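Take a look at the structure set out below.
The values are calculated or read from the model by the stated rules, or taken from the named source; none is laboratory data. This is a predicted model, so every value here is computed, not measured. Here the Cβ positions follow ideal geometry from the backbone for every residue, glycine too, while neighbour counts run over all protein chains shown. With ligands, DNA and RNA removed, areas are computed over all heavy atoms of the protein, side chains included. Shrake-Rupley method; radii C 1.70, N 1.55, O 1.52, S 1.80 Å.
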Amino acid sequence: MSASSAASRPAAAMLGMSIREVSQALRDGRVSATELCRKCINQIQRTLYLNAFITITEETAMEQAQRTDNRLRTGVLKDNFCTENIETTCASSMLKGYVPPFNATVVQKLLDQGAVLVGKTNLDEFAMGAGSTDGVFGPVRNPWSYTSLYREQSTEDPDSDWAITGGSSGGSAAAVASLSSFLALGSDTGGSTRNPGSLCGVVALKPTYSLLSRHGLIPLVNSMDVPGIMTRSVHDAATVLRILQGRDERDSTTVQAPSTPPSLPEHFDIRDICVGIPKEYHAPGLSKDTLAQWSRVADMFEQAGARVQEVSLPHTQHSIVCYHVLCCCEVASNMACFDGLEYGHCSKVDSSTDAMYATTRHEGFNSVVRRRILSGNYFLLKSNYKRYFVKAQQMRRLIAEDFKNVFRSGIDVLLTPTTLSDAARYSDFIQEDNQTRSAQEDVFTQPVNMAGLPAVTVPTALSHRGLPIGLQLIGQTLQDWKLLTVAQWMEQKVNFPIIHLHGESNERELNRSVRERTHTIGS
């Protein structure tokens, strides 16, 4: 097939390919790098109503595509990764107009391998949230809200009846799910890639803490932050992981990546695996659809010959409170640099340095960020330090020990839900405050960050509402490859459907309101 005939194929057919498939098409000359890049940018423009992007780097992307070879992979980044000469906002007024002079390490590694950056994606402000609804650029819409199955069940207008993406990396998940990109990077502090990955029906990997460099990732919680990988297949996630992993002299917490094969095995004997089912993860609020899928996949492992057994993680019940204390403490420390003196937003109030400092932070941060800063400073007061921070660190160690004890008993991976249910309607989701929503949505994901373990969410089925349900696999430290091998086996068995958007009705009007909030470079 010629490049011209490949270019004439429906965009969805080409954009729905895996990284491996599209790389082969590029090598065979069935499509050129610039044609593929143009298809991605066109798809972004067609789906602007999702509000997934803060910045579209059209001119930069086309220049990169012209220089690249058959290694090209179009990708997007959550807008809390530093990008040289491209605005990085963290979806906050505090950083509007901030243009970093360098690339984050993971960004540079992708570019060195021929990746093309087509845009930077929307998020909760400074990655604080579980819905991608609290950023200054507005909420992100779940692409599955615009499929025929979901729309046929709704009697309301698409502009008022739509589901959230989850967060805080909702823009990245929506970009991959809507076929606007083959891969996306998010950040994962308490589940911020796995949560939206599950709700948007994409594979989302949270690698072992220290396996990927955090240099250039604007920090939320240094001791838990990990760059996360989002793709449409487990094999693609493994491909990206191989590129990004390894020691970085700019991040002293990184470690040398363990030796791994060139790719995941095509055939794998699941009978060698023991799967643990944590009994504490039968949490209040777990939906019938999610529970049914959890049981179905556990049975699938058992019927294929894997050993499946119930295990206990007794300190999981304390994890949410522990995470809240530690998160707020580190947020208070990390946000101290945003003072209006060096970079970012600066208030026009100049009656005194103290007044300028206070007004800058009030104007630049939303109420969610300010609340976490205040809470963190309270927990760190001399009179409260041992009562809150030290106790939370002690509980964190016990949570990590629970996981170690389970894996020492012979368990290879843990199988759990990723979220309590499928994606909530936006109108329902915003009825509760950010802290309550985050506590509910992170119940299954954030213990992994406390322990520094690798975890991946794999889409398994659609709910009765036509929205994705994902399940989480948790692995042992630095055994990310083994985790992905099991995840690929699971992915092949569940046979999750490909997304089909419901046509373009109402899209033009929706796009018009979003275009004002999205910055396009080079259009």
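Taking only the range 83-112 into account, find how many residues are open to solvent by 10 Å² or more (accessible area, probe 1.4 Å), touching a helix residue (DSSP H, G or I) at 6+ places or on another chain (Cβ under 8 Å) and not polar (S, T, N, Q). Walk me through it before giving the result.
In the first step, residues of the range 83-112 are kept if they are open to solvent by 10 Å² or more (accessible area, probe 1.4 Å); the result is 84-87, 93, 96-99, 101-103, 105, 108-112.
With touching a helix residue (DSSP H, G or I) at 6+ places or on another chain (Cβ under 8 Å) added as a condition, the list becomes 86, 93, 103, 109-111.
If we keep only those that are not polar (S, T, N, Q) too, we end up with 86, 109-111.
Adding up the residues that qualify gives 4.
Residues in the range 320-332: is at least one under 18 Å from D402 (Cβ atoms), at pLDDT 95 or above, open to solvent by less than 50 Å² (accessible area, probe 1.4 Å) and not in a helix (DSSP H, G or I)?
No, the range 320-332 has no match at all.
What number of residues in the range 18-33 are outside any helix (DSSP H, G or I) and either open to solvent by less than 10 Å² (accessible area, probe 1.4 Å) or free of Cβ contacts under 8 Å to residues at least 60 places away in the same chain (or both)?
The first filter runs over the range 18-33 and keeps only residues outside any helix (DSSP H, G or I), leaving 18, 28-32.
Okay, now just the ones that are also either open to solvent by less than 10 Å² (accessible area, probe 1.4 Å) or free of Cβ contacts under 8 Å to residues at least 60 places away in the same chain (or both), so 28-32.
Here the count works out to 5.
What do you reckon, is G129 surrounded by 18 or more Cβ atoms within 10 Å (Cβ to Cβ), in a loop (DSSP other than H, G, I, E, B) and modelled with pLDDT under 95? Reasoning before the result, please.
On the way: surrounded by 18 or more Cβ atoms within 10 Å (Cβ to Cβ): yes; in a loop (DSSP other than H, G, I, E, B): yes; modelled with pLDDT under 95: yes.
So G129 passes the test.
If you go through the range 431-449 one residue at a time, how many are among the hydrophobic types (A, V, I, L, M, F, W, C) and part of a loop (DSSP other than H, G, I, E, B)?
Adding up the residues that qualify gives 2.
If I ask for residues that are under 18 Å from A451 (Cα atoms), open to solvent by 30 Å² or more (accessible area, probe 1.4 Å) and assigned to a helix (DSSP H, G or I), which ones from the range 286-319 would you list?
Applying the first criterion (under 18 Å from A451 (Cα atoms)) to the range 286-319 yields 311-319.
Filter again for open to solvent by 30 Å² or more (accessible area, probe 1.4 Å), leaving 312, 314-315, 317-318.
Correct list: P314, H315, Q317, H318.
In the list R437, R408, R425, R465, which residue meets the criterion of being more than 18 Å from A163 (Cβ to Cβ) and surrounded by fewer than 22 Cβ atoms within 10 Å (Cβ to Cβ)? If you could, list the steps in order and put the result at the bottom.
Working: R437 fails: more than 18 Å from A163 (Cβ to Cβ); R425 fails: more than 18 Å from A163 (Cβ to Cβ); R465 fails: more than 18 Å from A163 (Cβ to Cβ).
Among R437, R408, R425, R465, only R408 is more than 18 Å from A163 (Cβ to Cβ) and surrounded by fewer than 22 Cβ atoms within 10 Å (Cβ to Cβ).
Right, S172: modelled with pLDDT of 95 or more and either crowded, with 24+ Cβ neighbours inside 10 Å or not β-branched (V, I, T) (or both) or not?
Numbers: modelled with pLDDT of 95 or more: yes; either crowded, with 24+ Cβ neighbours inside 10 Å or not β-branched (V, I, T) (or both): yes.
Here the answer is yes, as S172 does meet what is asked.
I need a count of the residues in the range 54-81 that are open to solvent by 10 Å² or more (accessible area, probe 1.4 Å) and more than 20 Å from A237 (Cα to Cα).
10
Could you please find all residues in the range 217-243 being in a loop (DSSP other than H, G, I, E, B) and open to solvent by less than 10 Å² (accessible area, probe 1.4 Å)?
As a first pass, look at the range 217-243 and keep what is in a loop (DSSP other than H, G, I, E, B): 218-225, 232-233.
Of everything in the range 217-243, those that are in a loop (DSSP other than H, G, I, E, B) and open to solvent by less than 10 Å² (accessible area, probe 1.4 Å) turn out to be L220, V221, M224, D225.
Here's a check for you: in the range 333-359, which residue that is assigned to a helix (DSSP H, G or I) and in contact (Cβ under 8 Å) with a residue 60 or more places away in the chain is farthest from S93 (Cα to Cα)? Reasoning before the result, please.
Let us first name the residues in the range 333-359 that are assigned to a helix (DSSP H, G or I), namely 333-337, 353-359.
Still in the running and in contact (Cβ under 8 Å) with a residue 60 or more places away in the chain: 334-335.
On the way: N334: 17, M335: 14 Å.
Among them, the one singled out is N334.
Consider G167 carefully, then state whether it is of a type outside the set (F, W, Y), in contact with a Gly (Cβ under 9 Å, 6 or more places away or on another chain) and modelled with pLDDT under 95.
Details: of a type outside the set (F, W, Y): yes; in contact with a Gly (Cβ under 9 Å, 6 or more places away or on another chain): yes; modelled with pLDDT under 95: yes.
Criteria met by G167.
Restricting the range 161-179 to residues that are under 13 Å from N195 (Cβ atoms) and in a loop (DSSP other than H, G, I, E, B), which is nearest to the chain's Cα centre (by Cα)?
Result: S169.
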